[in-house]
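Comments concern the structure below.
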Amino acid sequence: MAVNTNSTLLKRLIQQGFIDGDKAQRLVVEKSRQYKTLPELLIAEKLLDANTLAEVAASVGNHLTLDLEHFNPASIPDELRNEKLTRKTDMLPLSKRGRTMYLAVVDPTNIAAIEDFEFNAGMNAEVVVVNYDKLHKLVEKLFENAYNSLGGGDSDWDLSAMGVVEEADDEGVSAQPDKEDQPIITFINKILLDAIRKGASDLHFEPYEKAYRIRFRIDGILNEIASPPVALATRLSARLKVMSRLDIAEKRIPQDGRIKLKLSAKKSIDFRVSTLPTLWGEKIVMRILDSDSAMLGIDVLGYEPEQKQRYLDALAQPQGMILVTGPTGSGKTVSLYTGLNILNTEETNISTAEDPVEINLPGINQVQVNPRAGLTFASALKAFLRQDPDVVMVGEIRDLETAEIAIKAAQTGHLVLSTLHTNSAPETLTRLLNMGVPAYNVASSVSLIIAQRLARRLCPKCKQPEHIPPAELIRQGFREDQLDKITIFKPVGCEHCTGGYKGRVGIYEVMPISPKMADIIMENGNSLDIASQAQLEGINNLRQSGLIKAAAGVTSLAEVNRVTKG
């Protein structure tokens, strides 16, 4: 009987007498009906065992075979792992060398599936044939906890099963893609899920003349995770713009959008999307806005006990101004949201003006500023003061008008929280003075300043003590009487972390404005005078707080030097 199949493996099995034409034809039908692979059906129906299947498959094209009995799945690079494609195809990338990956397969004649792996990884595939049973045992070991670490379990977090759920527009129409774009959709969905799984804060999609690069910012550091063909740059950017509800035809000016991914009935993730025209196409940067990060308790942010108490004391005041300062990406938003969550009670009216509103906080009135429409920080603040507020949060004090209104609010019975971009707490006060705010207003309204940085945490599973000469420790800032009591650790790197680090911790300078500091401000003192007074009052600066974290084994001395410029 003539068998209607394109499978070279199936034809070889017929030639060698393992199955007849009728069974082969039935397998073709069942394969299509049940969405199963040919090896899966052959093994399930016990038409031949896994070892025999591997021998026959390897003979088709004289492929090499590999025994996976003692292969360690932890050695598989993260960027090669694709659970959806692996389970769908009975193929698993094992390692890479340069732009070549070594792909374990059960059916080497499934060329379409091999090409899917090549597309997803942006690499060429070198095929090795493996035992079906051993491959599946390895796959289960590799992916058994892939999604559980996210808190939802496999079914809750499998984007491949659920699809990407996009927000509908005002008419209820969702941005649904054409079916021919499915490979691009699959690739983008995988990238987004990988970013969430790895705890990335930002994703960068970057076109160049002869390459296309995708990078994740993990624990504050950018890492390249994929390099798809540069010919796909336009299709990738178009897909992201469709998901973000941006104008696909407009490629000459920057655009801003948002994506909402519903991962389960109880869990969704927002992405803030920014496009930028560059020489070779549109660069797209996505920031992950996970509301869970805004719900963190103050105890997990890394404040030392006395720093935490100073923040709580300031939040308990009925009026005054709390300022959080630091560079972009230093965790200012999380610190502010943590404070707002503490204040968010039924008795308190809280309003915020943000650009943009990053995370939705139930119970808080959040306003997205829109300068083009005339809704600025200053105008929003003016409106807040007519809305009977108890607490006001301004995303950033950028100009004198906003500063003056915020200070007026702080002086008239309101608690005001905001941010500034300065390098230290003392410099924040002089920044306000340089804006043109009168010294007496600064001295009487600002109650607390928090300067902060984010340092990478050492991986607890692989960190090792580091020998540093005593003279060097003293030069770094430790006191001589501390040397016998501290152990400095260094990063090593293992399967549980990235380069020896896993997660981040805040390093803080928490400076209440004391009467003596207010006097210095009134006497036109500079930031150095204020910093000296802070030291006299026992307030640790960023460098000193970082050294405490290093001495406790939370982070490395090299990381403290990186984030505090020590």
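The values are calculated or read from the model by the stated rules, or taken from the named source; none is laboratory data. Note that the structure is predicted; figures quoted are calculated from it, not measured. Here the Cβ is made from the backbone with ideal geometry for all residues, glycine too, and neighbour counts use every protein chain on show. Please note that ligands, DNA and RNA were not included when accessible areas were found on the heavy atoms of the full protein model with its side chains. Shrake-Rupley method; radii C 1.70, N 1.55, O 1.52, S 1.80 Å.
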Seminar exercise, completed: Taking placed amide H atoms and a strict 5 Å upper bound, the residues 5 or more places from Tyr501 or on another chain that come that close are Cys459
Exercise. So, with +1 on the Cβ of K and R and -1 on the Cβ of D and E, and no other charges, what is the size of the charge dipole of region 400-521 about its Cα centre, to the nearest 20 debye?
Worked result: 500
Exercise. Ranked highest first by the average count of other Cβ atoms within 10 Å around their residues, in what order do 205-214, 462-471 fall?
Worked result: 205-214, 462-471
Exercise. If you line up the Cα atoms of region 426-566 on their principal axes, what length do they span on each, largest first, in Å?
Worked result: 54, 32, 18
Seminar exercise, completed: Magnitude of the Cβ-charge dipole (Lys and Arg +1, Asp and Glu -1) of the chain about the Cα centre, nearest 20 debye, reported as 900
Exercise. For the chain, what is the relative contact order in percent, using Cα pairs closer than 8 Å and at least 6 residues apart in sequence?
Worked result: 9
Exercise. Contour minus end-to-end for Thr487 and Asn72, with contour as 0.36 nm per residue of separation and end-to-end as the Cα-Cα distance?
Worked result: 146.1 nm
For this session: Apply 1/(1 + (r/R0)^6) to the Cβ-Cβ distance of Ala249 and Leu375, taking R0 = 22 Å, and write down the FRET efficiency to the nearest 0.05.
Result: 0.20
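In debye to the nearest 20, how big a dipole does region 8-143 give about its Cα centre with +1 on each Lys and Arg Cβ and -1 on each Asp and Glu Cβ?
200
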Problem set entry | Descending semi-axes in whole angstrom, ellipsoid equivalent of region 8-143, from the Cα gyration tensor | 25, 15, 14
Exercise. P(r) of the chain in 10 Å steps, Cα pairs, percent per bin?
Worked result: 3, 15, 21, 22, 18, 11, 6, 4, 1, 0, 0
Exercise. Okay, helix-only estimate at 222 nm for the chain: each DSSP H run of n ≥ 4 adds -39500 (n - 2.57), divide by all residues, round to 500 deg cm²/dmol; what do you get?
Worked result: -10500 deg cm²/dmol
Exercise. What ³J(HN,Hα) values, in whole Hz, does the Karplus curve 6.51 cos²θ - 1.76 cosθ + 1.60 give for region 203-214 when θ = phi - 60°, with x put for Gly and Pro?
Worked result: 10, 10, 10, 10, x, 10, 4, 10, 7, 10, 10, 10
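Can you give the FRET efficiency to the nearest 0.05 for Asp390 and Arg87, using r as the Cβ-Cβ distance and R₀ = 60 Å?
So, using R0 = 60 Å, E works out to roughly 0.70.
Using a Cα distance threshold of under 14 Å, what count of lysine pairs results for region 181-289 when pairs must be 8 or more residues apart or interchain?
Here the count comes out as 5.
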For this session: Arrange the residues Cys459, Cys494 by how much accessible surface each exposes, largest first, with a 1.4 angstrom probe.
Result: Cys494, Cys459
For this session: Over region 8-143, with every protein chain in place, what whole percent of the accessible area is carbon and sulfur at 1.4 Å, could you tell me?
Result: 47
Exercise. Any idea how far the Cα center of region 477-526 sits from the one of region 62-83, in Å?
Worked result: 42
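On average, how much accessible surface per residue is there in the chain, in Å², for a 1.4 Å probe, leaving out ligands, DNA and RNA? Show your work: numbers first, answer last.
Working: 27110 Å² over 566 residues.
Counting only protein heavy atoms, the per-residue value for the chain is 48 Å².
So how do Phe119, Phe18 rank on accessible area, 1.4 Å probe, biggest first, that is with the largest at the start?
Details: Phe119 45, Phe18 80 Å².
Solvent-accessible surface, decreasing: Phe18, Phe119.
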For this session: Of the options Ala238, Ile521, Gly546, report the single residue whose Cα projects farthest towards the positive end of the charge dipole of the chain (beta-carbon charges: Lys, Arg +1; Asp, Glu -1).
Result: Ala238
For this session: Taking 7 Å along the Cα-to-C-beta vector as the label spot, tell me the Ala383-Asn524 distance in nanometres, rounded to one decimal.
Result: 4.0
Exercise. With all protein chains present and a 1.4 Å probe, how do Glu347, Glu118, Glu282 order by accessible area, largest first?
Worked result: Glu347, Glu118, Glu282
Seminar exercise, completed: Counting only protein heavy atoms with a 1.4 Å probe and every protein chain in place, the carbon and sulfur fraction of the accessible surface of region 181-289 in whole percent equals 55
